[in-house]
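Contents: one structure, followed by commentary.
The values are calculated or read from the model by the stated rules, or taken from the named source; none is laboratory data. Owing to the predicted nature of the structure, the values given are computational and were not obtained by experimental measurement. Glycine gets a Cβ as well: all are built from the backbone with ideal geometry, and neighbour counts include every protein chain shown.
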Amino acid sequence: MGAWLCFEDEAGQGLRPPKGRTWGRRGRTPVVHVTAHGTKRVSMAGLICTKVGHRPRLIYCIHLDRGPAKGRRKGFTETDYARLLDAAHQQLGGPIILVWDNLNTHVSRTMREMIAARLWLTVYQLPPYAPEFNPVEGVWSHLKRSLANLTKRSLDQLTALVKTRLKRMQYRPRLIEGLIAKTGLNLQPP
């Protein structure tokens with residue numbers, strides 16, 4: 001078909017850093033002081049895109065949740081996903097076969113209508129509870145390991161750090177190839 005095969009997933013990170021291992025002086029346990037009050041968080045949606053004869057790509061977008069607001073969704077909406085897919089289509093310059101999970105936003109009536117309006121887009125759902133088939137899960141794992149034990153005092157600092165780390169991953173095609181290979185899926189044409 002000459003299409004890009006894209007896997008999509010989303011994740012979030014609050015001001016409280018993920019726990020990680022570290023070194024410390026003998027007899028002194030390292031302590032990380034955190035000011036993780038509130039529900040502020042950075043939501044991330046990412047695509048790993050692959051096509052035979054091209055280097056794999058990582059495309060992402062960020063959504064900030066600055067705290068509680070009535071009637072407002074914390075994470076990505078159908079419109080946010082449509083913007084991400086439109087941007088990916090523009091960057092990749094070809095049709096897209098999208099593989100994603102069964103998140104309620106992905107299977108909603110509004111999302112189905114948006115997908116039907118994009119003739120260049122074909123969508124497949126991953127089986128329930130099968131994150132091991134999605135290479136984007138590895139992106140979030142790699143990102144969160146790099147954020148372990150780092151404290152950020154504001155959402156803006158956390159956002160800048162997340163963007164920097166994701167940008168670094170974009171320029172490491174071998175890392176992206178490794179994340180795809182880890183799924184065990186054979187993506188070579190027959």
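Of note:
- In the range 73-82 there is no residue that is assigned to a strand (DSSP E or B), of a type in the set (Phe, Trp, Tyr), in contact with an Asp or Glu (Cβ under 8 Å, 6 or more places away or on another chain) and buried (at least 16 other Cβ atoms within 10 Å of the Cβ).
- Any hit, the range 113-130, residues being in contact (Cβ under 8 Å) with a residue 60 or more places away in the chain, assigned to a helix (DSSP H, G or I) and not β-branched (Val, Ile, Thr): no
- Residue among HIS37, HIS33, HIS54 that alone is at pLDDT 80 or above, more than 16 Å from LYS163 (Cβ to Cβ) and either outside any strand (DSSP E or B) or out of contact with any strand residue (DSSP E or B) (no Cβ under 9 Å at 6 or more places or on another chain) (or both): HIS54
- Summed over the range 40-51, the residues that are modelled with pLDDT of 90 or more and assigned to a loop (DSSP other than H, G, I, E, B) give a count of 1.
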